[in-house]
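Novice: Sharing a structure below in structure tokens format, with a few things to ask.
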Amino acid sequence: MNWSEKTILITGGTGSFGRQLTSLLMADYQPKKIIIFSRDEMKQFTMRAEGFDAANIRYFIGDVRDKERLYRAFYDVDIVVHAAAMKQVPCAEYNPFEAIKTNVIGAANVIDAAIDCGVQQVIALSTDKAAFPFKILGALEMAAPSPRMIRKSPKPYAACATTVKTAPPANTIFMAQPLSWTTRMPQFSMQN
């Protein structure tokens, strides 16, 4: 896959993973366009001010809970990296319905929009909390729709999906398809 010819949208793009991925993509591939999709206007402003202001980086205010906004954002996008989620256990425990709206319904919205907009590939992030959930956050990650559902779509232009699991040690990514461990993020994206 030639990343320099792709338009990549990152949900939760102003978060720690999104920022790091944007930095690595810009340094190694210079994609045609990177769209930072985030609901946080201040984080987008800060990202721009910290140097993420190249001509091929666009900022898009939106929330994965808003399916119509995702449809608008996914127009002419080749790859979606879905990193938007509530990730803090205390916050999810205190606000379980908000966590469900973001982590479960938001993931379903991303999948639906990707299918309907003809996105080629969806890469979804999760954490090791989903393996043996004993708190609500792990249960939500386990319950979130799998991007593999895209492959079951009757639509002929359905996207190819990959699930990414983050796990210890720090900055290590586990790929569910195909199985491999890697410590440098761009390497995971080179596999289909």
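The values are calculated or read from the model by the stated rules, or taken from the named source; none is laboratory data. What you see is a predicted model, and the numbers here were worked out from it, not measured in a lab. For neighbour counting, all protein chains shown are included, and Cβ atoms are generated from backbone atoms with ideal geometry for every residue, glycine included.
Novice: Scan region 35-47 for residues that are out of contact with any Leu (no Cβ under 6 Å at 6 or more places or on another chain) and surrounded by 14 or more Cβ atoms within 10 Å (Cβ to Cβ) and report the count.
Specialist: Count: 7.
Novice: While we're on this one: Residue under question is ALA54, and the condition is that it be more than 14 Å from the chain's Cα centre (by Cα) and not aromatic (Phe, Trp, Tyr); does it hold?
Specialist: Judged against the criteria, ALA54 is a match.
Novice: Still on this model: Testing ARG48 on (1) under 22 Å from ARG19 (Cα atoms); (2) among the charged types (D, E, K, R); (3) touching a helix residue (DSSP H, G or I) at 6+ places or on another chain (Cβ under 9 Å), one condition comes back false. Which one is that?
Specialist: (3) is the only condition that ARG48 fails.
Novice: Check whether at least one residue in region 93-112 is β-branched (Val, Ile, Thr), in contact with a strand residue (DSSP E or B) (Cβ under 6 Å, 6 or more places away or on another chain), at pLDDT 95 or above and under 27 Å from MET1 (Cβ atoms), and report yes or no.
Specialist: Taking every residue of region 93-112 in turn, at least one turns out to be β-branched (Val, Ile, Thr), in contact with a strand residue (DSSP E or B) (Cβ under 6 Å, 6 or more places away or on another chain), at pLDDT 95 or above and under 27 Å from MET1 (Cβ atoms).
Novice: So ALA85 fits all but one of (1) closer than 18 Å to ARG19 by Cβ; (2) outside any loop (DSSP other than H, G, I, E, B); (3) at pLDDT below 95; what number is the exception?
Specialist: Checking ALA85 against (1) closer than 18 Å to ARG19 by Cβ; (2) outside any loop (DSSP other than H, G, I, E, B); (3) at pLDDT below 95, the one that fails is (2).
Novice: Would you check which residues across region 113-135 are in contact with a Gly (Cβ under 6 Å, 6 or more places away or on another chain) and modelled with pLDDT of 95 or more and list them?
Specialist: The initial filter retains those residues of region 113-135 that are in contact with a Gly (Cβ under 6 Å, 6 or more places away or on another chain), namely 129-130.
Within region 113-135, none qualify.
Novice: Also: Mind checking which residues of region 49-101 are of a type in the set (Ser, Thr, Tyr) and surrounded by 23 or more Cβ atoms within 10 Å (Cβ to Cβ)?
Specialist: none
Novice: Output the qualifying pairs, or none if there are none: Cβ atoms under 7 angstrom, residues six or more apart or on different chains, first residue in region 73-101 and more than 21 Å from ILE123 (Cα to Cα) and touching a residue at least 24 places away in the same chain (Cβ under 8 Å), second residue assigned to a loop (DSSP other than H, G, I, E, B) and of a type in the set (Lys, Arg).
Specialist: Every condition considered, the pairs that remain are VAL89/LYS135; GLU93/LYS135.
Novice: Can I ask one more? Tell me, which strands (runs of 3 or more DSSP E) lie completely within region 1-82 with 3 or more residues that are of a type in the set (S, T, N, Q)?
Specialist: none
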